[in-house]
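Q: One structure coming up, written as structure tokens, with questions to follow.
Bear in mind these aren't lab numbers, they're just calculated from the coordinates by the rules spelled out. What you see is a predicted model, and the numbers here were worked out from it, not measured in a lab. Virtual Cβ from ideal backbone geometry, glycine too; neighbours counted across all protein chains shown.
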Amino acid sequence: MFTFDRPLTTGQIASALCVSSRTVSKWIDRGDLPGYTLPPGNHRRVPVPDLLAFMRRHDMPLELLRGLTDQEAHACPTPLSVA
């Protein structure tokens, strides 16, 4: 379940933004998307305010985050990319 008070996983972000989890991990690793790693196992997390700022910087529609709260998976539009 999505809440604004808990950081998001790469899987949650990937699902909402219609990209792979690996893409989200690369954004974090490159420093494009602020996040942190939980030991052990390198599980990454991203605070919601940081994701919102990232999406605004890259002109991503914030409406995509509605998919995190919907019970049904939303249909992904054309793939998103970050230069």
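Q: Filter segment 27-71 down to the residues that are farther than 16 Å from Ala14 by Cβ and small (Gly, Ala, Ser) and list them by number.
A: Gly31, Gly41, Ala53 - these are the residues of segment 27-71 that are farther than 16 Å from Ala14 by Cβ and small (Gly, Ala, Ser).
Q: Quick check on Thr37: is it closer than 21 Å to Glu63 by Cβ and in contact with a His (Cβ under 8 Å, 6 or more places away or on another chain)? First the steps, then the outcome.
A: On the way: closer than 21 Å to Glu63 by Cβ: no; in contact with a His (Cβ under 8 Å, 6 or more places away or on another chain): yes.
So Thr37 does not fit the description; no.
Q: For residues that are within 18 Å of Cys76 (Cβ to Cβ) and of a type in the set (S, T, N, Q), tally how many sit in segment 10-59.
A: Qualifying residue count for the region: 6.
Q: Just the residues that are outside any helix (DSSP H, G or I) and in contact with a Gly (Cβ under 6 Å, 6 or more places away or on another chain), please, taken from segment 1-44. Outline the logic, then answer.
A: To start, the set of residues in segment 1-44 that are outside any helix (DSSP H, G or I) comprises 1-9, 18-20, 31-44.
Within segment 1-44, Arg44 is the sole residue that qualifies.
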